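A quick write-up on the structure given underneath.
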Amino acid sequence: MYARPGSENLQLDANGRLRHFLTIEGLGRQTLVDILNAAESFAGVSARTVKKVPVLRGKVICNLFFETSTRTRTTFELAAKRLSADVVNFNINTSATSKGETLLDTLRNLEAMHVDMFVVRHADSGAAHFIAQHVSPGVSVVNAGDGRHAHPTQAMLDMFTIRRHKGDFTPLKIAIVGDILHSRVARSQIHALNALGVSELRVIGPRTLIPTAAGTLGVHVFHDLEEGIRGVDVIIMLRLQKERMQGALLPSEHEYFQLWGLTQKRLAAAKPDVIVMHPGPINRGVEMESAVADGPHSVILEQVSYGIAVRMAVMSMCLNVLSPEEQPA
Amino acid sequence: MSAPAGTSIVNGRLIDPANGIDAMLDLHLLDGKVAAVGAAPEGFQPATVIDARGQVVCPGLVDLAARLREPGFEYKATISSETAAAARSGITTLCCPPDTDPVIDTPAVATLIRRRAKQARKARVLSVGALTQGLRGEQLSEMAALQAAGCVALGNAQAPLVNTLVERRALEYAATFGITVFLRPEDRYLRDKGCVHEGVVAARLGLPGIPEAAETVAVARDLALAEHTGATIHFRGLSTATAVRMVRDAQAARLPVSADVSAHQLHLTENDLLDFDAQCHVTPPLRTPTDRDVLRQAVRDGTIAAICSDHQPHDIDAKEAPFPATAPGISALETLLPLTLRLVEEGVLDLPTAVERLSYGPARILSLPYGRLEVGRIADVCVFDPQAVWRLDRETMASAGRNTPFHGWEFTGQVTHTLFEGRVVYRSAS
């Protein structure tokens, strides 16, 4: 029977090394640990007076953003520059592509500029896979968020943050709270945490925001916040998009905060040394109260700073695999 | 003594489900009609003799849903290219849904399609007229005029009616003329922006899901309105186990309700989507293995009386985009018989039943005089080698659309001859 190219094959070369970074799914524990270790070695670079290493000197990295983003794009750009790569930014309004030029046309035009890596964000699930299937051999694709599917660098910086605070993943109980259904961050976190072998993974939210068949993702589903965070080591809050109110998924931000908003009082149900994470930007008073966001358990700002080291790790790993001296003859 | 005329197909296994025939019988054709089954008529001197030793001889296949893309989408396919693909696939009658451009909501468009098909001379193309003007679901189409222009059914293609009052009136008005109404059961609100089955795979890939209820809510509504109006309805392309049960119950209650299924739904499931394969992007979406198994069972027990291709040839660009942005549909004429024969191979159907669901079954849904081979009937015949093993290669497809998830699949059973109105319109090279 005809075998389709699997996503694992697509991301890894014949030796099992990263050539694209599209999704956590299908990557083994060791690959994730390698990324975390590499990020650890890059984390020191930001503290130096000269915040640059020559790892990707002469490489061209193109940030191809079909969805607006300031923070993610900026951290990718900084990561690339610290690796001494040349960076070009393309912010493409999706409505412009729908006026004639297809995504493939856009891609081929940019490829003609001898880009070595595309960092892609797109509103459609599967867009990064699609681009990876169509780039020339030797060009890498890093997924910076595709629809509801995956945001693997965000998940890895979250793993990095957890490891910094907790060390070993295996005894951890972790809860992800909020809009799981629409969240590419949650999907990538779930794959990463399961690959890293956490003790228990929970998702918490109303039924309208939990995917059908969530159980098949390897999570326990809770609808009550306090019950769900009881005894956990890590709480990951997700951003709630305003448009969820229009789609009849939720009645109001007020009721959401009443039931699933994280407060200092509720936090007492978790372990005393619990850490609270959020991919940002936070809606204060919706997902959590300021006392939690700015409180002693919050590691939210650390997540942002680790984002650069993790992206440096992913970029250098993807591109080093493809460096000319390593290419098979 | 007169000059030789007509065609004899000899030494084959004749399967004609309408007449309960499955036997080694010769078939003799003259003037586009069946002249005799078994022994040749007195003095019959065929101009052509087809030796069908080791082969199956059956009625030409009848496909209730095949888009030919003309008029309006000739960059995807044409009546000429797709009727040639049909001939190669043993299909002699095609029903064309009304979502052409312009829509088949006037007799002129129906007439145009019929004329083009006549010129192509490869297969019969019957139009399904629009149920509402422009398929907009607002005003009724001129149903009597469409019927007079040869439309064999009415439907709203992939744009199911949202307004239940319009649906009620459309069914009532259609029932006035005894026209069968094709309904694609789908609730637009529940479908929302979904593009795959809402289930395990949607949860993993983060693709917007279409819940089973998008189909079952529509089936329940359509059945209620059919009962209320007395209209004869046909469900085009069921995809869920629950809908099958609802249709079975309605048939048991003697409602004039029929249903078909697209051949790919009997083989593929949501699990085939795992790598965002846009070739598996179809409407209704591929569902669970359980749904597939129940659909197979329904084909076997006759709840689903016809297997369709739901042919939707596309240009290359239509599938070259991130999954949700791709056009749904499969170029499916050339896999209709092979996928159905695979059900025989897998023990789901016996061969006569498989042939029935592709010929007499669909013909009966629309009371068409095709799909059967007794004396006096139109001589539409498909001859296939049930043992031939071959591999589908999208590069050698006859259809202008090469969009298929079955590229590289190995099939057993291949058409060797297709006769349309007594003429050989396809003969395999070997």
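The values are calculated or read from the model by the stated rules, or taken from the named source; none is laboratory data. Predicted model, so just to flag it, every value in this text is computed and none were measured. Backbone-built Cβ (ideal geometry, glycine too); neighbour counts: all protein chains shown.
Computed values, structure above
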{"item": "Qualifying residues in the range B:72-104 (those that are of a type in the set (S, T, Y) and touching a strand residue (DSSP E or B) at 6+ places or on another chain (Cβ under 8 Å)) - the one farthest from B:R372 (Cα to Cα)", "result": "B:T83"}
{"item": "Checking B:S89 against (1) more than 21 Å from the chain's Cα centre (by Cα); (2) crowded, with 24+ Cβ neighbours inside 10 Å; (3) not charged (D, E, K, R), the condition it does not meet", "result": "(1)"}
{"item": "Subset of the range A:39-81 (residues that are within 27 Å of A:A127 (Cα to Cα), part of a helix (DSSP H, G or I) and touching a helix residue (DSSP H, G or I) at 6+ places or on another chain (Cβ under 8 Å))", "result": "A:A39, A:R71, A:T72, A:T75, A:F76, A:L78, A:A79, A:A80"}
{"item": "B:T232 being within 19 Å of B:G155 (Cα to Cα), β-branched (V, I, T) and in contact with a Cys (Cβ under 9 Å, 6 or more places away or on another chain)", "result": "no"}
{"item": "Filtered residues of the range B:378-430 (kept if part of a strand (DSSP E or B), touching a helix residue (DSSP H, G or I) at 6+ places or on another chain (Cβ under 8 Å), more than 14 Å from every other protein chain (Cβ to nearest Cβ) and on the phi < 0 side of the Ramachandran plot)", "result": "B:C382, B:F384, B:P386, B:Q414, B:V415, B:T418, B:F420, B:V425, B:Y426"}
{"item": "Hey, A:I162 in a strand (DSSP E or B), within 29 Å of A:Y256 (Cα to Cα) and in contact (Cβ under 8 Å) with a residue 40 or more places away in the chain or not", "result": "no"}
{"item": "Filtered residues of the range A:99-120 (kept if assigned to a helix (DSSP H, G or I) and not hydroxyl-bearing (S, T, Y))", "result": "A:L103, A:L104, A:D105, A:L107, A:R108, A:N109, A:L110, A:E111"}
{"item": "Of all residues in the range B:187-199 being in contact (Cβ under 8 Å) with a residue 60 or more places away in the chain and buried (at least 22 other Cβ atoms within 10 Å of the Cβ), the one that is farthest from B:L135 (Cα to Cα)", "result": "B:G199"}
{"item": "Matching entry among B:L366, B:L341 (being under 13 Å from B:G413 (Cβ atoms) and either outside the structural domain of B:L273 (by TED's automatic domain parsing) or at pLDDT 95 or above (or both))", "result": "B:L341"}
{"item": "Check on A:M117, crowded, with 20+ Cβ neighbours inside 10 Å, modelled with pLDDT of 90 or more and assigned by TED's automatic domain parsing to the domain that holds A:L209", "result": "no"}
{"item": "Test: B:R184 is more than 14 Å from chain A (Cβ to nearest Cβ), in contact (Cβ under 8 Å) with a residue 12 or more places away in the chain and over 28 Å from A:A213 (Cβ atoms)", "result": "no"}
{"item": "Of all residues making up the range B:257-295, the number that are in contact with a strand residue (DSSP E or B) (Cβ under 8 Å, 6 or more places away or on another chain), of a type in the set (S, T, N, Q) and in a helix (DSSP H, G or I)", "result": "1"}
{"item": "Condition met for B:R221 (of a type in the set (D, E, K, R) and at positive phi)", "result": "no"}
{"item": "Filtered residue count, the range A:267-284, keeping only those that are over 17 Å from A:K173 (Cα atoms) and either free of Cβ contacts under 8 Å to residues at least 24 places away in the same chain or among the basic types (K, R) (or both)", "result": "1"}
{"item": "Single match in B:R115, B:R53, B:R121, B:R69 (criterion: among the basic types (K, R) and within 23 Å of B:H264 (Cβ to Cβ))", "result": "B:R69"}
{"item": "Pick from the range A:212-227, criterion of a type outside the set (A, V, I, L, M), modelled with pLDDT of 95 or more and in contact with a Gly (Cβ under 9 Å, 6 or more places away or on another chain), ranking: farthest from A:I24 (Cα to Cα)", "result": "A:H223"}
{"item": "Selection from the range B:150-186 of residues that are small (G, A, S) and buried (at least 20 other Cβ atoms within 10 Å of the Cβ)", "result": "B:A153, B:G155, B:A157, B:A159, B:A170, B:A174"}
{"item": "For B:L68: the one exception among (1) outside any strand (DSSP E or B); (2) modelled with pLDDT of 95 or more; (3) out of contact with any Cys (no Cβ under 7 Å at 6 or more places or on another chain)", "result": "(3)"}
{"item": "Criterion: over 24 Å from A:L259 (Cβ atoms), in contact with a strand residue (DSSP E or B) (Cβ under 9 Å, 6 or more places away or on another chain) and modelled with pLDDT of 95 or more - qualifying residue of A:A128, A:A155, A:A192", "result": "A:A128"}
{"item": "Residues being surrounded by fewer than 20 Cβ atoms within 10 Å (Cβ to Cβ) and either of a type in the set (A, V, I, L, M) or within 13 Å of chain A (Cβ to nearest Cβ) (or both) - total across the range B:322-350", "result": "3"}
{"item": "Answer residue from the range B:357-369, given it is buried (at least 22 other Cβ atoms within 10 Å of the Cβ) and part of a loop (DSSP other than H, G, I, E, B) and is farthest from the chain's Cα centre (by Cα) among those", "result": "B:L366"}
{"item": "Counted residues, the range B:265-292 - those being over 17 Å from B:H407 (Cβ atoms), among the charged types (D, E, K, R) and touching a Gly at 6+ places or on another chain (Cβ under 7 Å)", "result": "1"}
{"item": "So A:I235, is it within 23 Å of A:V299 (Cα to Cα), away from chain B (no Cβ under 14 Å) and surrounded by 23 or more Cβ atoms within 10 Å (Cβ to Cβ)", "result": "yes"}
{"item": "Every residue from the range A:18-38 that is out of contact with any Phe, Trp or Tyr (no Cβ under 6 Å at 6 or more places or on another chain), in a helix (DSSP H, G or I) and among the hydrophobic types (A, V, I, L, M, F, W, C)", "result": "A:L32, A:V33, A:I35, A:A38"}
{"item": "Residue within the range B:15-38 that is buried (at least 18 other Cβ atoms within 10 Å of the Cβ), in contact with a helix residue (DSSP H, G or I) (Cβ under 7 Å, 6 or more places away or on another chain) and closer than 20 Å to B:P338 by Cα present", "result": "yes"}
{"item": "Residue in the range B:163-179 that is farther than 17 Å from B:S367 by Cβ, of a type outside the set (F, W, Y) and not in a helix (DSSP H, G or I) present", "result": "yes"}
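Table: residues versus (1) free of Cβ contacts under 8 Å to residues at least 12 places away in the same chain; (2) more than 13 Å from every other protein chain (Cβ to nearest Cβ); (3) more than 23 Å from B:L333 (Cα to Cα); (4) not in a helix (DSSP H, G or I).
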site	(1), (2), (3), (4)
B:V201	no, no, yes, no
B:A220	no, yes, yes, no
B:A224	yes, yes, yes, no
B:V244	no, yes, yes, no
